[in-house]
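Comments concern the structure below.
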Amino acid sequence: MAATGSQSAGTGAGTGYGGGHRIGIDLGGTKTEGILLDRQGNQLARHRVPTPKGDYDGTVATIRDLVARLEGEVPADGKATVGLGIPGTISPATGLVKNANSTWLIGRDFTRDLAQALARPVRIENDANCLAVSEATDGAGAGCGVVFAAILGTGCGAGIVVDGRVLGGRNAIAGEWGHNPLPWPADDERPGPACYCGRHGCLETFVSGPAVAADHLAATGETLDAATILARAADPAGGDGCRATADRLVGRLARGLAAVANLLDPDVIVLGGGLSNAGLLYERLPAAMQPWAFSDRLDTPVRRARHGDSSGVRGAAWLWRPGEMPTETPGG
Ligand SMILES: [Zn+2]
């Protein structure tokens, strides 16, 4: 391809970030998604590939290849910035990944290894924080001062944004709602299922997709995924078993979110992840939360993520904000 500008990149070989392109990568438990945005935030390209579970080097290679593919499709004047959302946290103390349900990342210097593989600095944030940034900026939480955003998917994470900025916390665990215990448990909810974090009864073991499927299987003997269960629960002909499973989920989410309101009292609660497509959650959660809130009325709206499945990947791309681009390397 003929170059008309000073430099035709697209292979990642160019220096500088003059094109203003941003890549966001959302590393999920089962899939890894990449998006390429232009300077204004318009999507130019997008791809989804399987996550190589349990394979750290494979994960680094997958991200490297995804970035190369995105850049190769839409050549720009220089490199794109890369932001990454992961189901975990970079420890402020060590710089290593911690608290990841993609456990093969734990203890790895993912920031360094990716920077090496991609030949540029990389910003990594918890995937739920990426969701919260995306939704607070131009999504379901736009215009709200305090946004609490939760991902109900393979796992269960959450992020807090205050006045447009992530509230990460001293230990980078602010918003780790999924590993608080289910509040006000009934006798048959104690001690609760075992969690990968080593405890029992974490919210994640009740309200993530696999948890809902396991709960349904235990109650009915039926093997169904969570999305199917919730779709059938909303269908009058869908069956009592699915409705009962949805009732248990709504009750548990309501207690978990009421506890958030009692502590943080956010202006809006935004739900993302696979389970967030279930309309019954938005119809039923506000009323179901009320009895558990320390308030005679609870006006907190519960909204579906506006950018849907794109929220995490868009938030990752916007980890490099205007004016925060990496220092440009002189061309020599
Ligand atoms: Zn846990």
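Every test in (1) surrounded by 19 or more Cβ atoms within 10 Å (Cβ to Cβ); (2) within 16 Å of the ligand (Cβ to nearest atom) is passed by residue 191 save one, and that test is (1).
Picking from residues in segment 144-178 that are outside any strand (DSSP E or B), in contact with an Asp or Glu (Cβ under 9 Å, 6 or more places away or on another chain) and away from the ligand (no atom under 16 Å from the Cβ), the one that is nearest to residue 301 (Cα to Cα) is 144. If residue 265 meets every condition in (1) surrounded by fewer than 18 Cβ atoms within 10 Å (Cβ to Cβ); (2) modelled with pLDDT under 95; (3) in the same structural domain as residue 177 (by TED's automatic domain parsing) apart from one, which number is that one? Only one criterion is unmet by residue 265, namely (2). Within segment 165-178, being surrounded by fewer than 17 Cβ atoms within 10 Å (Cβ to Cβ) and under 17 Å from the mean Cα position of the chain (by Cα) holds for 165, 173. Residue count for segment 118-128, restricted to those that are assigned to a helix (DSSP H, G or I) and modelled with pLDDT under 95: 2.
A quick yes/no check of all residues on (1) of a type in the set (Gly, Ala, Ser); (2) assigned by TED's automatic domain parsing to the domain that holds residue 154; (3) away from the ligand (no atom under 16 Å from the Cβ); (4) under 18 Å from residue 156 (Cα atoms):
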position: 200; (1), (2), (3), (4): no, yes, no, yes
position: 203; (1), (2), (3), (4): no, yes, no, yes
position: 206; (1), (2), (3), (4): no, yes, no, yes
position: 209; (1), (2), (3), (4): yes, yes, no, yes
position: 214; (1), (2), (3), (4): yes, yes, no, yes
position: 218; (1), (2), (3), (4): yes, yes, yes, no
position: 222; (1), (2), (3), (4): no, yes, yes, no
position: 231; (1), (2), (3), (4): yes, yes, yes, no
position: 239; (1), (2), (3), (4): yes, yes, yes, no
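Listed by first and then second residue, the pairs linking a residue in segment 187-215 that is assigned to a loop (DSSP other than H, G, I, E, B) to a residue that is within 10 Å of the ligand (Cβ to nearest atom) and β-branched (Val, Ile, Thr), with Cβ atoms under 8 Å apart and 6 or more places separating them unless they lie on different chains, are 192/205; 193/205; 195/205. Given the structure, is residue 252 among the charged types (D, E, K, R) and either surrounded by 16 or more Cβ atoms within 10 Å (Cβ to Cβ) or under 21 Å from residue 151 (Cα atoms) (or both)? Against the criterion (among the charged types (D, E, K, R) and either surrounded by 16 or more Cβ atoms within 10 Å (Cβ to Cβ) or under 21 Å from residue 151 (Cα atoms) (or both)), residue 252 qualifies. Of the residues screened, residue 133 is one that is away from the ligand (no atom under 13 Å from the Cβ) and at negative phi.
The requirement of being under 20 Å from residue 142 (Cα atoms), under 21 Å from the mean Cα position of the chain (by Cα) and modelled with pLDDT of 95 or more is fulfilled nowhere in segment 314-326; no residue meets it. In this structure, residue 245 does satisfy being away from the ligand (no atom under 16 Å from the Cβ), touching a His at 6+ places or on another chain (Cβ under 6 Å), of a type outside the set (Asp, Glu) and in contact (Cβ under 8 Å) with a residue 12 or more places away in the chain. Regarding segment 248-269, can at least one residue be identified that is away from the ligand (no atom under 16 Å from the Cβ), assigned to a strand (DSSP E or B) and not aromatic (Phe, Trp, Tyr)? Yes, the conditions are met somewhere in segment 248-269.
For segment 179-188, the tally of residues that are more than 10 Å from the ligand (Cβ to nearest atom) and buried (at least 18 other Cβ atoms within 10 Å of the Cβ) stands at 1. When the residues of segment 85-117 are filtered to those that are assigned to a helix (DSSP H, G or I) and touching a Gly at 6+ places or on another chain (Cβ under 7 Å), the one that is nearest to residue 164 (Cα to Cα) is 111.
Can you find a residue in segment 117-135 that is closer than 21 Å to residue 320 by Cβ and out of contact with any strand residue (DSSP E or B) (no Cβ under 9 Å at 6 or more places or on another chain)? Looking for residues that are closer than 21 Å to residue 320 by Cβ and out of contact with any strand residue (DSSP E or B) (no Cβ under 9 Å at 6 or more places or on another chain), one finds at least one in segment 117-135, hence yes.
The values are calculated or read from the model by the stated rules, or taken from the named source; none is laboratory data. Note that the structure is a prediction, hence the values are computed from the model and not measured. Cβ sites come from the backbone with ideal geometry, for glycine too, and all protein chains shown count toward neighbours.
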